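Heads up: the structure comes next, in structure tokens.
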Amino acid sequence: MPSVYKVEGRIITTSGSGMIYNTKTNLVVLSYKPNEVKTDRLTGGLVVNKRQFFPFGFYCYSPVYPTLPEEEIVRGFNMISPYQKILPETLNERKAYMDRCALLGMKVHYNLLSVSGGGGVGSKMEGYSDIQKRELLIREIKTFMNHPALLAWYIADEPTGNKVTPKTLEEIYKLVKEIDPWHPVSIVFMAPFLSAKKFENALDIVMADPYPIPDLPASIVGDVAGKLRTEFYGKKPVWIVPQAFGGGELWSREPSIQEIRSMTYQSVINGLQVYSIL
């Protein structure tokens with residue numbers, strides 16, 4: 001039966017010198033849903049269809065090229081995350097790629113940036129008030145919360161760089177979870193060891209996107225992965241976003257295949273159970 005229990009844990013020394021640790025939390029028991037996604041605090045992974053799930057995916061653009069999901073799923077990708085604006089007039093485009101992904105067994109890390117915490121590519125919603133964006137956010141969650149392709153809700157991209165406060169994202173997080181408590185919520189950070197901890201009450205999945213190539217060594221990715229794993233071990237899954245782009249903006253070239261492999265392997269070696277690739 002769905003229930004909420006108050007749980008208290010204590011660690012007391014056997015020598016009788018007293019209690020050395022005490023914590024309290026709420027244990028929420030939900031009704032089973034076929035498309036539910038759970039976070040595994042022991043492994044830092046996800047549980048999908050009652051099995052361990054290791055997301056290996058990529059960012060792309062919306063509208064999604066019609067054959068993109070089937071082209072990539074045969075290469076081992078099992079997740080996509082399209083950049084998109086949550087506009088009423090493009091709802092059918094989003095339904096189309098969600099339905100196609102479901103047919104293929106591919107999951108979607110669903111981008112809500114334009115109506116939640118902002119950041120990322122093309123997320124600004126010109127001419128919409130905060131109230132209107134909140135209404136669109138609620139409508140979008142209700143539209144797709146039962147969809148078989150849904151993996152998680154992506155609510156903010158590099159919030160510190162966009163001057164979005166922890167309090168703001170905590171309010172958005174609570175709203176999302178009130179509507180859909182069956183799916184995790186994620187935020188990505190550019191300098192995670194400086195800011196992720198401040199936002200821990202606004203997310204279920206910590207993401208980091210250190211893009212070092214070509215100006216910094218690829219080993220920075222391993223440093224970030226290790227620090228995040230230490231900080232969030234037993235608490236939150238951590239995803240790393242290895243750089244796989246370049247030749248524009250601040251990055252004068254793409255990483256080599258050896259550098260991409262190095263960034264990926266460093267993440268896994270440092271204990272990150274799940275990651276996404278751009």
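The values are calculated or read from the model by the stated rules, or taken from the named source; none is laboratory data. Computed from a predicted structure; not experimentally measured. Note that each Cβ is placed from the backbone with ideal geometry, even for glycine, and that neighbours are counted across all protein chains shown. Remember, those area values only see protein heavy atoms, side chains included, never the ligands or the DNA or RNA. Shrake-Rupley method; radii C 1.70, N 1.55, O 1.52, S 1.80 Å.
Some notes on this structure:
- The set of residues in the range 78-88 that are over 16 Å from the mean Cα position of the chain (by Cα) and not in a helix (DSSP H, G or I) comprises 85, 86, 87.
- Elements of type strands (runs of 3 or more DSSP E) in the range 1-73, at least 2 residues being not aliphatic (A, V, I, L, M): 3-12, 19-29, 37-40, 51-53, 57-61
- Residue pairs whose Cβ atoms lie under 6 Å apart, separated by 6 or more positions or on different chains, with the first residue in the range 118-134 and under 29 Å from residue 58 (Cα atoms) and modelled with pLDDT under 85 and the second open to solvent by 40 Å² or more (accessible area, probe 1.4 Å) and in a loop (DSSP other than H, G, I, E, B), are 119/158; 119/162.
- Count of residues meeting criterion [open to solvent by 10 Å² or more (accessible area, probe 1.4 Å) and among the polar types (S, T, N, Q)] in the range 103-117: 1
- Scanning the range 221-240 for residues that are surrounded by fewer than 23 Cβ atoms within 10 Å (Cβ to Cβ) and either under 24 Å from residue 121 (Cα atoms) or in contact with a Phe, Trp or Tyr (Cβ under 9 Å, 6 or more places away or on another chain) (or both) yields 222, 223, 227, 231.
- Which listed residue is among the basic types (Lys, Arg) and over 20 Å from residue 110 (Cα atoms), from 236, 198, 177, 142: 198
- Per the listing 49, 35, 22, 26, the residue uniquely under 30 Å from residue 209 (Cβ atoms) and either of a type in the set (Val, Ile, Thr) or exposed (fewer than 13 other Cβ atoms within 10 Å of the Cβ) (or both) is 49.
- When each of 63, 82 is tested for being modelled with pLDDT of 90 or more and either under 26 Å from residue 119 (Cβ atoms) or surrounded by fewer than 12 Cβ atoms within 10 Å (Cβ to Cβ) (or both), the lone residue that passes is 82.
- Selection status of residue 138, out of contact with any strand residue (DSSP E or B) (no Cβ under 9 Å at 6 or more places or on another chain), touching a residue at least 40 places away in the same chain (Cβ under 8 Å), closer than 28 Å to residue 28 by Cα and not acidic (Asp, Glu): yes
- When the range 141-156 is filtered for residues that are touching a residue at least 40 places away in the same chain (Cβ under 8 Å) and either open to solvent by less than 10 Å² (accessible area, probe 1.4 Å) or more than 27 Å from residue 35 (Cβ to Cβ) (or both), the ones remaining, listed by number, are 144, 149, 150, 151, 152, 153, 154, 155, 156.
- On inspection, residue 172 qualifies as touching a Ser or Thr at 6+ places or on another chain (Cβ under 6 Å), within 18 Å of residue 85 (Cβ to Cβ) and either modelled with pLDDT of 95 or more or open to solvent by less than 10 Å² (accessible area, probe 1.4 Å) (or both).
- So residue 195, is it surrounded by fewer than 22 Cβ atoms within 10 Å (Cβ to Cβ), closer than 13 Å to residue 114 by Cα, of a type outside the set (Phe, Trp, Tyr) and at pLDDT below 95: no
- Sole exception among (1) exposed (fewer than 10 other Cβ atoms within 10 Å of the Cβ); (2) closer than 21 Å to residue 145 by Cβ for residue 42, by number: (2)
- In the range 218-253, of all residues being part of a helix (DSSP H, G or I) and out of contact with any helix residue (DSSP H, G or I) (no Cβ under 8 Å at 6 or more places or on another chain), the one that is nearest to residue 44 (Cα to Cα) corresponds to 229.
- Breaking point among (1) of a type outside the set (Ser, Thr, Tyr); (2) assigned to a loop (DSSP other than H, G, I, E, B); (3) within 19 Å of the chain's Cα centre (by Cα); (4) under 24 Å from residue 72 (Cβ atoms), for residue 268: (2)
- Considering residues of the range 118-138 that are among the small types (Gly, Ala, Ser) and surrounded by 11 or more Cβ atoms within 10 Å (Cβ to Cβ) only, the residue nearest to residue 170 (Cα to Cα): 118
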